[in-house]
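Report on the structure given below.
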Amino acid sequence: MPAGSRERLEKLCRYAARSAMVPERIRLSADGRKVVDRFKRRWRDGWTHVVLDPLTLIGRLAALIPRLRLKLTT
């Protein structure tokens, strides 16, 4: 790795260590039974957020975790 690529390495490490969701954009609904996740920007079809029940949210987050000893690149 070239000597001047320390900044690129730091950017790569930050990208790899980022979380799947941003805590500042997650909140409970008014009744406290659903989780509301706001999007960073409005989608083309007008969606600004998604509302999920807690178990569905946990299931979707768990799906992002790779299986043990699974090669992610070939």
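The values are calculated or read from the model by the stated rules, or taken from the named source; none is laboratory data. From a predicted model like this one, the values you see are computed outputs, not experimental measurements. Glycine gets a Cβ as well: all are built from the backbone with ideal geometry, and neighbour counts include every protein chain shown. For accessibility, only protein heavy atoms count, side chains too; no ligands or nucleic acids. Shrake-Rupley method; radii C 1.70, N 1.55, O 1.52, S 1.80 Å.
List the pairs whose first member sits in the range 62-74 and is closer than 22 Å to Met21 by Cβ, whose second member is open to solvent by 100 Å² or more (accessible area, probe 1.4 Å), and whose Cβ atoms are under 7 Å apart, counting only residues at least 6 apart or on separate chains?
Note: pairs meeting the criteria are Pro66/Leu72.
For the range 1-33, how many residues are touching a strand residue (DSSP E or B) at 6+ places or on another chain (Cβ under 8 Å) and either open to solvent by 80 Å² or more (accessible area, probe 1.4 Å) or touching a residue at least 24 places away in the same chain (Cβ under 8 Å) (or both)?
Matching residues across the range 1-33 total 3.
Take Arg6 and tell me if it is assigned to a helix (DSSP H, G or I) and among the basic types (Lys, Arg).
Yes.
Is it fair to say Leu61 is over 15 Å from the mean Cα position of the chain (by Cα) and part of a helix (DSSP H, G or I)?
It is false that Leu61 is over 15 Å from the mean Cα position of the chain (by Cα) and part of a helix (DSSP H, G or I).
Restricting to the range 34-48, and then to whatever is open to solvent by 100 Å² or more (accessible area, probe 1.4 Å) and part of a loop (DSSP other than H, G, I, E, B), can you tell me which residue is nearest to Leu61 (Cα to Cα)?
Only one residue fits best here, namely Lys40.
What residue, among those in the range 1-39 that are over 28 Å from His49 (Cα atoms) and small (Gly, Ala, Ser), is modelled with the highest pLDDT?
The qualifying residue modelled with the highest pLDDT is Ser5.
Residue by residue through the range 14-33, note down the ones that are more than 26 Å from Pro66 (Cα to Cα) and in a loop (DSSP other than H, G, I, E, B).
Hits for the range 14-33 are Ser29, Ala30, Asp31, Gly32, Arg33.
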